[in-house]
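*Asks:* Below is the structure I would like to discuss, written out as structure tokens.
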Amino acid sequence: MKLHEFQAKEILAEYGVPVPRGRVARTPDEAAEIATELGGKVVVKAQAHTGGRGKGGGVKLANSAEEARHAAGEILGMQLVTHQTGEAGLPVHSVLVEEQIDIARELYLSIAIDNSAGKPILIASAAGGMDIEEVAGKTPEAIHRQLIYPHCGFQPFQGRALAFAIGLDADLLRPAAELMGNVARAFEENDGAIVEINPLVVTGDGRLIAADAKFSTDDSADFRHPRLTELRDTTQEDAREVEAHEAGIENYVKLDGDIGCLVNGAGLAMATLDAIKFEGGNSANFLDIGTANNPEAVVTALKIICEDPDVKTVLVNVFGGLARTDIIAEGVVQAMTSGMLTQPTVVRLAGTNVEEGLKILDDSGLNVIRADGFAEAAQKSVAAAAAASKG
Ligand code: GDP
Ligand code: MN
């Protein structure tokens, strides 16, 4: 789950990470009020789940309450387009109004999961305020890393080594190491997926302060963090992903192809995506229905898939273990007879109750494209999608 910058900063502040003074506003008047409280000179920042807001017109400096009101008026209600959002952009319903900070240096700090090491990794760079992927591509030597060993946590010596590597003055080595340790604790205790402070600022008077903050948490750990899940902002998420989440389908991810895939189990889902790619097609989503034990869940899943205008063909590829293929077949028949599912539909069933499942499809008299094997299912869906897009 992604958090907004103001939420991320609230959490980091609880862990002792210095952040600018400021508050969130939902109207220009509120923004002006906060600017007055802060003495007039503020920065007004769009709260949307994306980076690159500065370049997209989502971060504005204001030197008075009036200017803050004006800036908030321009930002609130905008559809913010950045290099991360795609053309549609993201809606902005709130702005963070903060005191302006006197920036002497912009550094970079983040923690992510290093999948190959199987551990969190803390990354620091002197090249802050820029696109870190670009820095990593052009000047990989400017990126410094320390793995975090879960059994002992981030160690002060690691912090000092990083602080030294990014060229901090002697008197900032200790505060920087402490700050990194605090960010690491915030990451761990909230089941972080990624936390990124870009820029981490050295101020004119020699203090460290997190001028920006991104925080994403691991959805699988939502159940341990009721307080965090209250911070979820569904206006920033894909509408179908939200619907799937609410229907208890944990794994629905929108992709950019035209074949909608209903599968069970993440392994089968990924294998199906690969098979479609291998046959020259592209999947429109990744939907893992899990152990669907009633046809209604199957119908809901198919609804989410077939209402996506990008979907030209639906592929149902289910290997019944605990999931019963007759229930899957029942759901497919209901979705088609009700007139909801109108795209050509390829069905491949195997495993538990497969005879019953196939009989349900046969008896329905519906025009279901049957496939016996995995490769055949992928071939037939790619062919059907190609035919459908030719019209
Ligand atoms: P992002 O573009 O979404 O990453 O948003 P940031 O919060 O990182 O803001 C973009 C840029 O705006 C920063 O890299 C800074 O250069 C600038 N900026 C943000 N806050 C301040 C501030 O308080 N004072 C000044 N002078 N610049 C700021
Ligand atoms: Mn930033």
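Values in this text are rule-based calculations from the coordinates and carry no lab data. Worth saying up front: this structure is predicted, and the values here are computed from it rather than measured. In this analysis, Cβ positions are derived from the backbone assuming ideal geometry, glycine residues included, and neighbour counts consider all displayed protein chains.
*Asks:* Where the only charges are on Cβ atoms (+1 Lys, Arg; -1 Asp, Glu), what is the dipole of the chain about its Cα centre, to the nearest 20 debye? Spell out each step's value before the answer.
*Replies:* Numbers: 34 positive and 57 negative charges, 115 e Å.
It comes to approximately 560 debye.
*Asks:* If you place +1 on the Cβ of every Lys and Arg and -1 on the Cβ of every Asp and Glu, how big does the dipole about the Cα centre of the range 21-100 come out, in debye to the nearest 20?
*Replies:* Taking the Cα centre of the range 21-100 as origin, the dipole is about 260 debye.
*Asks:* When the Karplus curve 6.51 cos²θ - 1.76 cosθ + 1.60 is applied with θ = phi - 60°, which whole-Hz ³J(HN,Hα) does each residue of the range 375-380 get, with x for Gly and Pro?
*Replies:* 5, 5, 4, 5, 4, 5
*Asks:* Same structure, new question: HN-Hα J couplings of the range 295-305 from phi, Karplus 6.51/-1.76/1.60, θ = phi - 60°, integer Hz, Gly and Pro as x?
*Replies:* Per-residue couplings from phi come out as x, 4, 5, 5, 5, 4, 5, 5, 4, 4, 6 Hz.
*Asks:* Positive end of the dipole of the chain, charges at C-beta (+1 Lys, Arg; -1 Asp, Glu), about the Cα centre: which of ALA247, LEU302, LEU287 has its Cα farthest in that direction?
*Replies:* Sorting the options by dipole projection puts first LEU287.
*Asks:* Oh, and also: Sum up the charges of everything whose Cβ sits under 9 Å from the Cβ of ALA371, counting Lys and Arg as +1 and Asp and Glu as -1, but leave ALA371 out.
*Replies:* Charge balance in the 9 Å sphere: +1.
*Asks:* Let me ask you something else. Which of the peptides 17-28, 376-387 is most tightly packed, and how do the rest follow, going by the mean number of other Cβ atoms within 10 Å of each residue?
*Replies:* The densest-packed peptide leads the list: 376-387, 17-28.
*Asks:* If we count every other residue with Cβ under 12 angstrom of ILE259's Cβ, Lys/Arg +1 and Asp/Glu -1, where does the sum land?
*Replies:* Numbers: positive: LYS277, LYS312, LYS380; negative: ASP256, ASP258, GLU279, ASP308, ASP310.
Local net charge: -2.
*Asks:* May I pose another question? If you line up the long axis of helix 266-278 against the longest principal axis of the chain, both from Cα atoms, how many degrees apart are they, to the nearest 10?
*Replies:* That helix lies at roughly 80 degrees to the long axis.
*Asks:* Which residues' amide hydrogens lie under 5 Å from the amide hydrogen of LEU80, considering only partners 5 or more residues apart or on another chain, with H built in the peptide plane?
*Replies:* LEU90, VAL92
*Asks:* What are the residues whose amide H is under 5 Å from the amide H of VAL316, where those residues sit 5 or more places off or on another chain and H is modelled from the backbone?
*Replies:* Sorted by chain and number, the residues that satisfy this are LEU262, VAL346, VAL347, ARG348.
*Asks:* Sort PHE187, PHE278 so that the residue with the fewest other Cβ atoms within 10 Å of its own Cβ comes first and the one with the most comes last. Provide the component values of the computation, followed by the final result.
*Replies:* Working: PHE187 26, PHE278 12.
Fewest-to-most ranking of PHE187, PHE278: PHE278, PHE187.
*Asks:* Taking the Cβ of each residue in CYS261, CYS152 as the centre, tally the other Cβ atoms inside 10 Å and list the residues starting with the fewest.
*Replies:* Final ranking by Cβ density, sparse to dense: CYS152, CYS261.
*Asks:* In whole Hz, what ³J(HN,Hα) sequence does the range 216-227 give by Karplus (6.51, -1.76, 1.60; θ = phi - 60°), x for Gly and Pro?
*Replies:* 10, 10, 6, 4, 5, 9, 3, 4, 8, 10, x, 5
*Asks:* Which pairs in the list LYS2/LYS41; LYS9/LYS60; LYS2/LYS254; LYS2/LYS60; LYS254/LYS390 are over 21 Å apart, alpha-carbon to alpha-carbon?
*Replies:* In this structure, LYS2/LYS41; LYS2/LYS60; LYS254/LYS390 exceed 21 Å between Cα atoms.
*Asks:* Around PRO28, under 13 Å between beta carbons, what's the net of Lys plus Arg minus Asp minus Glu among the other residues?
*Replies:* -3
*Asks:* Further question on the same structure: Amide H neighbours of ILE148 under 5 Å, at least 5 residues apart or on other chains, H built in the peptide plane: list them.
*Replies:* For ILE148, whose amide H was placed from the backbone, the distant partners under 5 Å are ILE121, LEU122.
*Asks:* In cubic angstrom, how much convex hull volume per residue do the alpha carbon atoms of the range 236-347 span?
*Replies:* Dividing the Cα hull volume of the range 236-347 by its residues yields 92 Å³.
*Asks:* Still on this structure: Please determine, in degrees from 0 to 90 and to the nearest 10, the orientation of helix 156-165 with respect to the longest principal axis defined by the Cα atoms of the chain, where the helix direction is its Cα long axis.
*Replies:* Between the helix axis and the principal axis of the chain, the angle is about 80 degrees.
*Asks:* For the chain, what ratio Rg/Rh do Cα atoms give with a Kirkwood hydrodynamic radius?
*Replies:* Rg/Rh: 1.07.
*Asks:* If neighbour count is taken as other Cβ atoms inside 10 Å, put HIS151, HIS49 in order from fewest to most.
*Replies:* HIS151, HIS49
*Asks:* Peptides 111-120, 136-145, 302-311: what's the order by average Cβ count within 10 Å, highest mean first?
*Replies:* By packing density, highest mean first, the sequence is 302-311, 111-120, 136-145.
*Asks:* I'd like to know which of ALA68, ILE103, GLN84 lies farthest towards the positive end of the charge dipole of the range 56-121, counting +1 on Cβ of Lys and Arg and -1 on Cβ of Asp and Glu.
*Replies:* Final value for the positive-end residue is GLN84.
*Asks:* Using the alpha-carbon atoms, what tilt in degrees (0 to 90, nearest 10) does helix 325-337 show relative to the longest principal axis of the chain?
*Replies:* 90
*Asks:* Which whole-number percentage describes the relative contact order of the chain, with Cα contacts under 8 Å and a sequence gap of 6 or more?
*Replies:* 12
*Asks:* What size of dipole, in debye to the nearest 20, comes out for the range 193-250 about its Cα centre when the only charges are +1 on Lys and Arg C-beta atoms and -1 on Asp and Glu C-beta atoms?
*Replies:* Working: 6 positive and 14 negative charges, 77 e Å.
Roughly 360 debye, rounded to the nearest 20.
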